[in-house]
1. So with the 1.4 Å probe, I'd like the accessible area per residue for region 6-140, rounded to whole Å².
2. Starting from the eigenvalues of the Cα gyration tensor, five times each then square-rooted, give me the equivalent ellipsoid semi-axes of region 1-96, largest first, whole Å.
3. Assuming 0.36 nm per residue, please report the length gained on full extension of the stretch Asn128 to Lys44 beyond their Cα-Cα distance.
4. Find how much the distance from Asp95 to Glu141 grows on full extension, using 0.36 nm per residue of separation minus their present alpha carbon separation; answer in nm with one decimal.
5. Suppose R0 equals 30 Å. What FRET efficiency, 1/(1 + (r/R0)^6) with r the Cβ-Cβ distance, do Gln76 and Met116 give to the nearest 0.05?
6. Among 163-171, 67-75, how do they line up by average Cβ neighbours within 10 Å per residue, starting with the highest?
7. Just the Cα atoms of region 33-192: what Rg and Dmax do they give in Å?
8. Could you grab the relative contact order for region 11-164? Cα pairs under 8 Å, six or more apart, rounded to a whole percent.
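The values are calculated or read from the model by the stated rules, or taken from the named source; none is laboratory data. The structure presented is a predicted model; accordingly, all values stated were derived computationally and were not measured. Virtual Cβ from ideal backbone geometry, glycine too; neighbours counted across all protein chains shown. With ligands, DNA and RNA removed, areas are computed over all heavy atoms of the protein, side chains included. Shrake-Rupley method; radii C 1.70, N 1.55, O 1.52, S 1.80 Å.
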Amino acid sequence: MLTLKAQTRAVLGKGNKALRQRELIPAVVYGAGEPSRPIEIALKDFKKAWSEAGESSLIELEIGSEKKNVLIKDVQIDPVKDFPVHADFYAVRMDKVIEAEVPVEFVGESPAVKNMGAILIKVVHELNVEALPGDLPSKFEVDISGLANFNDKFLVSDLKLSSGVKVLAGSDDVIALVEEPKAEEEVPVEAPSLENIEVVDKKGKKEEEGVSGSESAEAAAKKPETKESSK
């Protein structure tokens, strides 16, 4: 079990900014029938523990001479700088079943994807479980190397569970599957109407000019003659 050292936090509210400038992260610990307690932890130590334990592995939190078994319950991330700025720790009783979210890690390679061009669909990335704190798995490994044909699936029932761990999902729920790639539909191109096509070339131009000239001559022939007035 990982050990993380903390100290009781005396500065609250606006003082948290000063803590972060000293590379400390403000946090709280609660649970196990105890009131919430503000604490502070070295940022680098917290990031290391969070990376290794995640939110489903027990951590031994040392606050002075006091020790508590805790889970990282919630972490607030700075949206601009992308690092943790606050954390919640949940103190647990080792003899009481708790509920936690366990991440899913996909391992192996699907023959259907490699050899047949199938599409791998990861349906689930974490699973809710019930277990005693000491029995909580840090992750579930999902081996997709058995997905060899189109429409093959990895179900909750295919997980290898340790004794005392109960997944809060149906045994037939899908965790991952492979599907046949869909062929792109060709959109038929509508043939243009000949009525809307205008053809212009030298011959057509000449013919047009010829027609125009004929029409002018015909109009002149039909024009009534004007008589000169006698002087």
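1. It amounts to 56 Å² per residue over region 6-140.
2. 21, 15, 12
3. Working: separation 84, 0.36 × 84 = 30.24 nm, distance 2.86 nm.
Difference between extended and current length: 27.4 nm.
4. 13.9 nm
5. My answer for the efficiency is 0.10.
6. Peptide ranking by packing, descending: 67-75, 163-171.
7. 21.6, 86
8. 19 percent
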